[in-house]
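S.K.: Take a look at this one; I'll ask things after.
The values are calculated or read from the model by the stated rules, or taken from the named source; none is laboratory data. Just so it is clear, the model here is predicted, and its values are computed rather than measured. No Cβ is skipped: glycine too gets one built from the backbone with ideal geometry, and neighbour counts run over all protein chains shown. Remember, those area values only see protein heavy atoms, side chains included, never the ligands or the DNA or RNA. Shrake-Rupley method; radii C 1.70, N 1.55, O 1.52, S 1.80 Å.
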Amino acid sequence: MGKTLFEKIWEKHLVKSIPDGPDVIYIDKHFIHEVTSPQAFSGIEKRGQEIFRPLKTVATADHNVPTINQHLPIVEELSRLQVQKLVDNCKKHQIELYGLGHPFQGIVHVIGPELGITQPGMTIVCGDSHTSTHGAFGSIAFGIGTSEVEMVFASQCILQNKPKVMRINVEGELNKGVVSKDIILYIISKISASGATGYFVEYAGSAIRALSMEARMTICNMSIEMGARGGMIAPDETTLQYIKNRLFAPKDDAWDEKVEEWKKLYSDEDAVFDKEININAADIEPMITYGTNPGLGITINANVPTVESISDEGERKNLIKALEYMGLTAGQSLKGMPVQNVFIGSCTNSRIEDLRLVASVIKGRKKNENVNVLIVPGSQQVAAQLSAEGLDVIFTDAGFKIRQAGCSACLGMNEDKVPAGEYCISTSNRNFEGRQGAGSRTLLASPLTAAAAAITGVVTDVRELLN
Amino acid sequence: MEENIDTDQIIPARFLKSTSRDGFGKNLFRDWRYFNNNEAQPKTDFILNKPEYKGSILVAGKNFGCGSSREHAAWSLLDYGFNVVVSSFFADIFKNNALNNGVLPVQVSDEFLQKIFALENGSTLSVDLENQTISIDSTGEQQKFEINNYKKTCLMNGYDDIDYLLSIKQDIINFEKTLA
């Protein structure tokens, strides 16, 4: 029987299988950041151990950093201490740090791929649930807790039970105004926030093949939001074109050798998945979430579900609670509802293509005066590219300010918080209660939908602006 | 009885700035326990603020711990005093984080969970890790729960995953040679 791509990579990295226990999996690349690493570093030191493979570790500061005045000392004391701790730890243990002030600094899941560090066939972990992003390159990438960060520090391995595998096929062509963020929000709305728990997902199908690498990253990024361990897309010519000539990509003969290896990275024709789901791309429209988990989403012109339309008692209760928190009514439409904030950023949608999408909507128009807009490029390099393409002028002409790279308002660890009771249309990945600030109300959407709201000040079907 | 309790509720992001593992207990479910993040303004309706409910076992509706990979969620439960969490379904990453930190996730059937929720105040539960059972003390009703044998051995003996990995370092070094 044939093997899935997931199995092929898993087996290649299997050091040992513990009888009636987890597998010991070797990790090719370990990304770390300031929030989930400090206790792992002190744990290692308490054990009197060294970092086993510092060269396979890459660090950045992203969650806690301010997005303005990054050249000045961080004002908030705890944030400053945490970021400084990472600097001290990396220096002590000789780990490459792309920290504040470094030209490669940015959101960890943006910089890995753009530097050519993320490559097909790798096992990649990080103390962050959106590590699944790197799966877009045909790698096994997933989020881990701080104890597991310490495990990788100590041994470059992790203990993991092998998950089941699910394949989600998306066939056909996307409609106008629909982008990869809408694909993943649509999928999660169909299978729920726990629908893929226990599975590792592979995305396949003609609609997936047609996507660029950045668009694929958006999809893999949100795999965790349906409970999946991770998500991956088999590499192809698009993948190779993206990686070639990036800073840390293999070059010359080494490149040719790697390409030969990577060509073998696909699920066999007769591979069997534990579950398979088929999606028709033509069914997908611009999406927006209305509730307090990413699965509670609807198409932009639809109405919020009524309580009666839901059969499961627990889900009814969830809906009622979510609507109360969000200040919405069952059965209402969202279109035309005023929003006070728009956030364009996060590891889901802050790359250059996302910003080009935003520019395509706002060009020649002005920011609505009743909306506070935060535009946060995913990395220093993305910001530089913004300027090189002249997109920064488009943004400033329209009355928008561009911030500096970081996770920012996705989770509001720094000062970029959404005030209580206010709505924010956000290109990020989570809409849990208080995610963007205590009492904040998040509506997840694509960069196109977010840009449209920044112009009109209300929830808008971007296709009406794109004519 | 709430379902889908996510990690942003268990431990809000603003508390992740600590650089140590200690002291997370006071921020457990912070925004559900207090108004305005103020300990002088408890939300008296919230179960952890009701004096008649105490103990080391937390019982929660399905999909407990969904969301982020923050292990701080497990640390805050442990620091608060919970050794066991009971639910009908656990999010993956949270389950791993709990097992790695001395918090035992016990998964029971939906039916059994509802029976627990229906118990009177002052009722107690017993959890036997060796025999993998959870019992309602007043009725003697019992259910078996699953736990990975390796994790069970670690929990019962106080071993740590890292102790294990360090013990097989040579195997790892040999493995690396096969990758080159």
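S.K.: Just checking, which of A:I394, A:I402 is farther than 30 Å from B:C66 by Cβ, of a type outside the set (S, T, Y) and more than 22 Å from the chain's Cα centre (by Cα)?
M.R.: None of the other options fit; the residue is A:I394.
S.K.: In addition: Being assigned to a helix (DSSP H, G or I) and open to solvent by less than 40 Å² (accessible area, probe 1.4 Å) narrows it down to one of B:L113, B:L78, so name that one.
M.R.: B:L113
S.K.: Next up: Report yes if A:K91 is basic (K, R) and more than 10 Å from chain B (Cβ to nearest Cβ), otherwise no. It would help to see each step written out before you state the result.
M.R.: On the way: basic (K, R): yes; more than 10 Å from chain B (Cβ to nearest Cβ): yes.
The answer is yes for A:K91.
S.K.: Select from segment A:199-223 the residues that are within 13 Å of chain B (Cβ to nearest Cβ) and open to solvent by 20 Å² or more (accessible area, probe 1.4 Å) and list them in ascending order.
M.R.: Step one: list which residues in segment A:199-223 are within 13 Å of chain B (Cβ to nearest Cβ), which gives A:199-201, A:222-223.
Scanning segment A:199-223 gives a single hit, A:Y199.
S.K.: Could you list, in sequence order, all residues of segment A:17-48 that are more than 27 Å from A:H63 (Cα to Cα) and facing chain B (nearest Cβ under 9 Å)? Talk me through it step by step, then tell me what you get.
M.R.: First, pick out the residues of segment A:17-48 that are more than 27 Å from A:H63 (Cα to Cα): A:17-25, A:47-48.
Residues satisfying the conditions are A:I18, A:P19, A:D20, A:G21, A:P22, A:V24, A:R47.
S.K.: Only one of these conditions is not met by B:Q41: (1) more than 10 Å from every other protein chain (Cβ to nearest Cβ); (2) touching a strand residue (DSSP E or B) at 6+ places or on another chain (Cβ under 8 Å); (3) open to solvent by less than 50 Å² (accessible area, probe 1.4 Å). Which number is it?
M.R.: Unmet for B:Q41, out of (1) more than 10 Å from every other protein chain (Cβ to nearest Cβ); (2) touching a strand residue (DSSP E or B) at 6+ places or on another chain (Cβ under 8 Å); (3) open to solvent by less than 50 Å² (accessible area, probe 1.4 Å): (3).
S.K.: In the list B:N36, B:N63, B:N49, which residue meets the criterion of being closer than 22 Å to A:K321 by Cα, within 9 Å of chain A (Cβ to nearest Cβ), surrounded by fewer than 18 Cβ atoms within 10 Å (Cβ to Cβ) and of a type in the set (S, T, N, Q)?
M.R.: B:N36
S.K.: Hey, does segment B:67-83 have a residue that's in contact (Cβ under 8 Å) with a residue 12 or more places away in the chain, farther than 23 Å from A:T36 by Cα and in contact with a Gly (Cβ under 9 Å, 6 or more places away or on another chain)?
M.R.: There is no residue in segment B:67-83 that is in contact (Cβ under 8 Å) with a residue 12 or more places away in the chain, farther than 23 Å from A:T36 by Cα and in contact with a Gly (Cβ under 9 Å, 6 or more places away or on another chain).
S.K.: Still on this structure: Say whether the condition of being more than 9 Å from chain A (Cβ to nearest Cβ) and open to solvent by less than 60 Å² (accessible area, probe 1.4 Å) is met by at least one residue in segment B:156-170.
M.R.: Taking every residue of segment B:156-170 in turn, none turns out to be more than 9 Å from chain A (Cβ to nearest Cβ) and open to solvent by less than 60 Å² (accessible area, probe 1.4 Å).
S.K.: If you don't mind, there's one more thing I want to ask. When you check A:I188 against the structure, is it in contact with an Asp or Glu (Cβ under 8 Å, 6 or more places away or on another chain) and of a type outside the set (D, E, K, R), yes or no?
M.R.: Values: in contact with an Asp or Glu (Cβ under 8 Å, 6 or more places away or on another chain): yes; of a type outside the set (D, E, K, R): yes.
Judged against the criteria, A:I188 is a match.
S.K.: Within segment B:119-150, how many residues are within 14 Å of chain A (Cβ to nearest Cβ) and either surrounded by 11 or more Cβ atoms within 10 Å (Cβ to Cβ) or touching a helix residue (DSSP H, G or I) at 6+ places or on another chain (Cβ under 8 Å) (or both)?
M.R.: Summing the residues that are within 14 Å of chain A (Cβ to nearest Cβ) and either surrounded by 11 or more Cβ atoms within 10 Å (Cβ to Cβ) or touching a helix residue (DSSP H, G or I) at 6+ places or on another chain (Cβ under 8 Å) (or both) in segment B:119-150 gives 5.
S.K.: Now, a different point. Please specify each residue of segment A:151-178 satisfying the condition of being within 7 Å of chain B (Cβ to nearest Cβ) and open to solvent by less than 10 Å² (accessible area, probe 1.4 Å).
M.R.: Hits for segment A:151-178 are A:M151, A:A154, A:S155, A:Q156, A:C157.
S.K.: For segment B:2-18, give me each residue that is within 9 Å of chain A (Cβ to nearest Cβ) and of a type in the set (A, V, I, L, M, F, W, C).
M.R.: B:A13, B:L16
S.K.: Whether any residue in segment A:263-271 is surrounded by 13 or more Cβ atoms within 10 Å (Cβ to Cβ), touching a strand residue (DSSP E or B) at 6+ places or on another chain (Cβ under 7 Å) and closer than 18 Å to A:G135 by Cβ is what I want to check.
M.R.: Yes: segment A:263-271 contains one or more residues that are surrounded by 13 or more Cβ atoms within 10 Å (Cβ to Cβ), touching a strand residue (DSSP E or B) at 6+ places or on another chain (Cβ under 7 Å) and closer than 18 Å to A:G135 by Cβ.
S.K.: A further question follows. Output the number of the condition that A:P120 fails; it satisfies all remaining conditions of (1) within 14 Å of another protein chain (Cβ to nearest Cβ); (2) out of contact with any strand residue (DSSP E or B) (no Cβ under 9 Å at 6 or more places or on another chain); (3) touching a residue at least 12 places away in the same chain (Cβ under 8 Å).
M.R.: Just one mismatch for A:P120, condition (1).
S.K.: Out of all the residues in segment A:100-108, is one or more among the hydrophobic types (A, V, I, L, M, F, W, C), touching a residue at least 60 places away in the same chain (Cβ under 8 Å) and over 22 Å from A:T348 (Cα atoms)?
M.R.: no
S.K.: Additional query: Pull out all pairs, ordered by first then second residue, where Cβ-Cβ is under 7 Å, the residues are six or more apart or on different chains, the first lies in segment B:93-109 and is closer than 24 Å to A:C126 by Cβ and within 12 Å of chain A (Cβ to nearest Cβ), and the second is among the basic types (K, R) and part of a loop (DSSP other than H, G, I, E, B).
M.R.: Once the first residue is closer than 24 Å to A:C126 by Cβ and within 12 Å of chain A (Cβ to nearest Cβ) and sits in segment B:93-109, no partner that is among the basic types (K, R) and part of a loop (DSSP other than H, G, I, E, B) comes close enough.
S.K.: Checking A:S194 against (1) crowded, with 24+ Cβ neighbours inside 10 Å; (2) over 22 Å from A:Q241 (Cβ atoms), only one condition comes out false. Which one?
M.R.: Evaluating A:S194 over (1) crowded, with 24+ Cβ neighbours inside 10 Å; (2) over 22 Å from A:Q241 (Cβ atoms) leaves (1) as the failure.
S.K.: Could you run through segment A:263-277 and say how many residues are among the small types (G, A, S) and assigned to a strand (DSSP E or B)?
M.R.: 1
S.K.: Of all residues in segment A:1-16, how many are at the interface with chain B (Cβ under 10 Å from one of its Cβ atoms), assigned to a helix (DSSP H, G or I) and open to solvent by less than 10 Å² (accessible area, probe 1.4 Å)?
M.R.: 0
S.K.: Counting only residues that are crowded, with 17+ Cβ neighbours inside 10 Å and of a type outside the set (A, V, I, L, M, F, W, C), which one in segment A:67-83 is farthest from the other protein chains (Cβ to nearest Cβ)?
M.R.: Applying the filter and picking the extreme gives A:Q70.
S.K.: Looking at A:A409, A:A454, which is the one that is within 14 Å of another protein chain (Cβ to nearest Cβ) and in a helix (DSSP H, G or I)?
M.R.: The match here is A:A409.
S.K.: Further question: Do we have any residue at all in segment B:19-32 that's within 11 Å of another protein chain (Cβ to nearest Cβ), in contact with a His (Cβ under 9 Å, 6 or more places away or on another chain) and β-branched (V, I, T)?
M.R.: Taking segment B:19-32 as the starting set, the residues that turn out to be within 11 Å of another protein chain (Cβ to nearest Cβ) are B:19-22, B:24, B:30-32.
Imposing the further condition that a residue be in contact with a His (Cβ under 9 Å, 6 or more places away or on another chain) reduces the set to B:21, B:24.
Next, only the ones that are β-branched (V, I, T) stay: none.
No: zero hits.
S.K.: Would you mind telling me which numbered condition in (1) in contact (Cβ under 8 Å) with a residue 60 or more places away in the chain; (2) under 15 Å from the mean Cα position of the chain (by Cα) A:I184 fails?
M.R.: Unmet for A:I184, out of (1) in contact (Cβ under 8 Å) with a residue 60 or more places away in the chain; (2) under 15 Å from the mean Cα position of the chain (by Cα): (1).
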